[in-house]
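The structure under discussion appears below in the form of structure tokens.
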Amino acid sequence: MRTLPLRLVPGDDLRSTLEDIARTRTPGAAFVLQGIGSLSVAQLRYAGADDPAELRGDLEILTLAGSLSPDGAHLHMSVSDRDGRVYGGHVAKGCIVRTTAEILVACLEEHQFSRKTDPATGFPELVVKPR
């Protein structure tokens, strides 16, 4: 396992940037171990919801974790607002970094991840293969 520490800068789209990194800088299988930082916009899809909820303002990233493959990401995040209310869910595109996002990615050299729609869930689920 190789680690890849990252810093995203103001204006970066969190999910899009991580998906780009998964395609260009990882061996085809990686996990986001943790992330902290801040957002000005968060797009979180809550459990059972079809569309993401948009949160705006000064938001702190409390946790960020998930899997990365060349054909997509599965990321969950919790954020807090300026009053300390915490929101969490599935990370959608449109989460915009406010000041910084510091992220640690674990690259799994001996595996290959892909995503395939699972008929039982209807979602593109993780497929793990040895490299």
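Within segment 88-131, can you find the residues that are within 15 Å of the chain's Cα centre (by Cα) and among the hydroxyl-bearing types (S, T, Y)? Scanning segment 88-131 gives a single hit, T100.
Take S78 and tell me if it is within 26 Å of G28 (Cα to Cα), among the polar types (S, T, N, Q) and in contact with a strand residue (DSSP E or B) (Cβ under 6 Å, 6 or more places away or on another chain).
Judged against the criteria, S78 is a match.
The listed residues are G94, G84, G122, G88, and the only one of them that is surrounded by fewer than 17 Cβ atoms within 10 Å (Cβ to Cβ) and farther than 17 Å from R45 by Cα turns out to be G84. Quick check: anything in segment 29-46 touching a residue at least 12 places away in the same chain (Cβ under 8 Å) and exposed (fewer than 12 other Cβ atoms within 10 Å of the Cβ)? The answer is no, given that none of the residues of segment 29-46 is touching a residue at least 12 places away in the same chain (Cβ under 8 Å) and exposed (fewer than 12 other Cβ atoms within 10 Å of the Cβ).
For the criterion of being buried (at least 16 other Cβ atoms within 10 Å of the Cβ) and either touching a Lys or Arg at 6+ places or on another chain (Cβ under 7 Å) or modelled with pLDDT under 95 (or both), S69 passes.
Is it the case that L108 is over 12 Å from G35 (Cβ atoms) and buried (at least 17 other Cβ atoms within 10 Å of the Cβ)? Yes; evaluated as a whole, the condition is true for this residue.
The values are calculated or read from the model by the stated rules, or taken from the named source; none is laboratory data. Keep in mind that this is a model prediction, so the values were computed, not measured. Positions of Cβ are backbone-derived with ideal geometry, glycine not excepted, and every protein chain shown enters the neighbour counts.
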